[in-house]
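What follows is a single structure, written as structure tokens, with notes after it.
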Amino acid sequence: MTYRSRFLALLLPFALLAFIPKHPLEIVMSPAEEQLRALLTTYETSLNAGDAGRIEQLYAEDGVFMPAGFPTASGRSAVRGAYDAVFANIRIAIHFTVDELTVKGDVAYARTHSAGTATVVATGASGPEANRELFIFARGANGWKIARYMFNKAS
């Protein structure tokens, strides 16, 4: 191998680096995916604020909330009551990360995980809070709503 060919062989990787984008690749989302991510952000903000009234509005009229270790709440008024009970006992400060989001027409689902803290209202004791969640959404006349939501602890 000649000096020139060795030099070109060493130079090639550096030349290829020039073609790597300087900005991360932009992820293009459909309007439905953008709306669902916004809904999840609103849910997170409302959950952290302890705003059961706002959360109730994020659910479909026949929405179902299935919290781990508690009875299933079916319908908006039952969902509101379940969140009122949760917020009477704990305050939550968590962040959701979307692991998977799939849209099929007027139905969608999101698999997420969350991490943060929960504080017991009665004692002020605080500790880590982490769950995995499954949201099922339905699109109706008023846009996307939570149709079903359940969560549990990762093992």
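The values are calculated or read from the model by the stated rules, or taken from the named source; none is laboratory data. Not measured: the values here are computed from a predicted model. All Cβ positions, even for glycine, are placed from backbone atoms using ideal geometry, and neighbour counts span all protein chains on display. The area values use the complete protein model at the heavy-atom level, side chains included, leaving out ligands, DNA and RNA. Shrake-Rupley method; radii C 1.70, N 1.55, O 1.52, S 1.80 Å.
Order these peptides, 138-146, 35-43, by their mean beta-carbon neighbour count within 10 angstrom, highest first.
Details: 138-146: 14.7, 35-43: 17.4.
Ranking the peptides 138-146, 35-43 by packing returns 35-43, 138-146.
Counting heavy atoms of the protein chains only and a 1.4 Å probe, report the per residue accessible area for the stretch 100-146 as a whole number of Å². The partial results should precede the final answer.
Numbers: 2550 Å² over 47 residues.
Per-residue value: 54 Å².
Work out, step by step, the length gained on full extension between Met29 and Val121: first 0.36 nm times the residue separation, then minus their alpha carbon distance; give nm to one decimal.
Going from the current span to full extension adds 29.2 nm.
How big is the Rg/Rh ratio for the stretch 54-155, C-alpha atoms only, Rh by Kirkwood, two decimals? Spell out each step's value before the answer.
On the way: Rg = 14.1 Å, Rh = 14.4 Å.
Reported Rg/Rh (Cα atoms, Kirkwood Rh): 0.98.
Please work out how much length the chain gains when fully extended from Lys104 to Glu61, using 0.36 nm per residue of separation minus the C-alpha to C-alpha distance, in nm with one decimal. Show your work: numbers first, answer last.
Working: separation 43, 0.36 × 43 = 15.48 nm, distance 2.04 nm.
Full extension of this stretch gives 13.4 nm more.
Mind listing the phi-derived Karplus ³J(HN,Hα) values for the stretch 37-44, rounded to whole Hz, using 6.51, -1.76 and 1.60 with θ = phi - 60°, and x for any glycine or proline?
For the stretch 37-44, the Karplus curve yields 5, 5, 4, 5, 5, 5, 4, 4 Hz.
Give, as ranges by residue number, the residues of the stretch 118-135 whose backbone N falls under 19 Å from the point 7 Å along Cα→Cβ of His95.
Zone members listed by number: 118-119, 127-133.
Once ligands and nucleic acids are excluded and a 1.4 Å probe is used, how much of Glu34 is accessible, expressed in Å² to the nearest 10?
The accessible area of Glu34 comes to roughly 100 Å².
Given a 1.4 Å probe and every protein chain left where it sits, what share in percent of the accessible area of the stretch 101-140 is carbon and sulfur?
Numbers: 1310 of 2150 Å².
The C+S portion of the solvent-accessible surface of the stretch 101-140 is 61 percent.
Treating only the Cβ of Lys, Arg, Asp and Glu as charged (+1, +1, -1, -1), what charge dipole size does the stretch 37-155 show about its Cα centre? Round to the nearest 20 debye. Working shown, then result.
Values: 12 positive and 11 negative charges, 22 e Å.
Rounded to the nearest 20 debye, it is 100 debye.
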